[in-house]
Amino acid sequence: MAHPLRNACLLLIPGTLALLAGTALAARGDLAPRPVALPMTSAAQRDIVLDKALFVERTRFAATGAVHTLEPAQGLNHGDRVVTLLTWYRLGGAGGFTVTNALPPSAAYEPGQREEEVSVDGGRSWGRLGALRMGQRIATAGDVTHVRWRVSPAQAMAGSGRIAYAALVR
């Protein structure tokens, strides 16, 4: 049986831009692509297209040591490290924008080195991990429900960019 995380994430054919504004390809149980709408949080983001690809990190051991590779996600198992690659394209407009991504409940966020903000309450409030609270305790990576990145106007002028983050399959 396929892990529920596989069906909860969008999966695109890497290296292609077969998209219309605001649409992407999603994985069904049989991995056949179908168009779905990506939620846009503001009118300005109608000029932004997102591709999302899901990979599994595999580790093989060679004579020289451990070799880490990323493979397109065909199936996921408990403990797999999943890397999500978000590629954004600016089709028009000006200024910066925000890219937001929800994590499925079956994924435990792994903090990155970028300046991402996280939410632990379904996207209602945002902050840095370590500054957010869950009741009386400081929120942990396992509490994260959403991740977002702010793309500055200078970055947006480049026309495209990539954001990657990792999660562990619970």
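Working only within the stretch 105-117, note down all residues that are buried (at least 16 other Cβ atoms within 10 Å of the Cβ) and out of contact with any Gly (no Cβ under 7 Å at 6 or more places or on another chain).
SER106, ALA107, TYR109, PRO111, GLU116
Which of the residues spanning the stretch 118-144 are open to solvent by 40 Å² or more (accessible area, probe 1.4 Å), β-branched (Val, Ile, Thr) and assigned to a loop (DSSP other than H, G, I, E, B)?
Residue satisfying the conditions is THR140 alone.
Does ALA102 satisfy the condition of being within 18 Å of LYS52 (Cβ to Cβ) and open to solvent by 40 Å² or more (accessible area, probe 1.4 Å)?
Yes.
Could you grab me the full set of residues in the stretch 86-99 that are open to solvent by 60 Å² or more (accessible area, probe 1.4 Å) and touching a strand residue (DSSP E or B) at 6+ places or on another chain (Cβ under 7 Å)?
LEU91
If we keep just the residues of the stretch 51-74 that are open to solvent by 70 Å² or more (accessible area, probe 1.4 Å), among the hydrophobic types (A, V, I, L, M, F, W, C) and more than 24 Å from PRO104 (Cα to Cα), which is nearest to the chain's Cα centre (by Cα)?
Per the criteria, the residue is PHE61.
Sort out which residues of the stretch 56-97 are assigned to a strand (DSSP E or B) and closer than 12 Å to VAL169 by Cα, and write them in order of number.
If the condition is that a residue be assigned to a strand (DSSP E or B) and closer than 12 Å to VAL169 by Cα, then VAL56, GLU57, ARG81, VAL82, VAL83 are the ones that fit.
Could you list, in sequence order, the residues of the stretch 51-73 that are among the polar types (S, T, N, Q) and either closer than 19 Å to ALA102 by Cβ or touching a strand residue (DSSP E or B) at 6+ places or on another chain (Cβ under 8 Å) (or both)?
THR59, THR69
The values are calculated or read from the model by the stated rules, or taken from the named source; none is laboratory data. Values in this document were obtained by computation on a predicted structure and should not be read as measured data. Cβ sites come from the backbone with ideal geometry, for glycine too, and all protein chains shown count toward neighbours. SASA here: full protein model, heavy atoms, side chains in, ligands and nucleic acids out. Shrake-Rupley method; radii C 1.70, N 1.55, O 1.52, S 1.80 Å.
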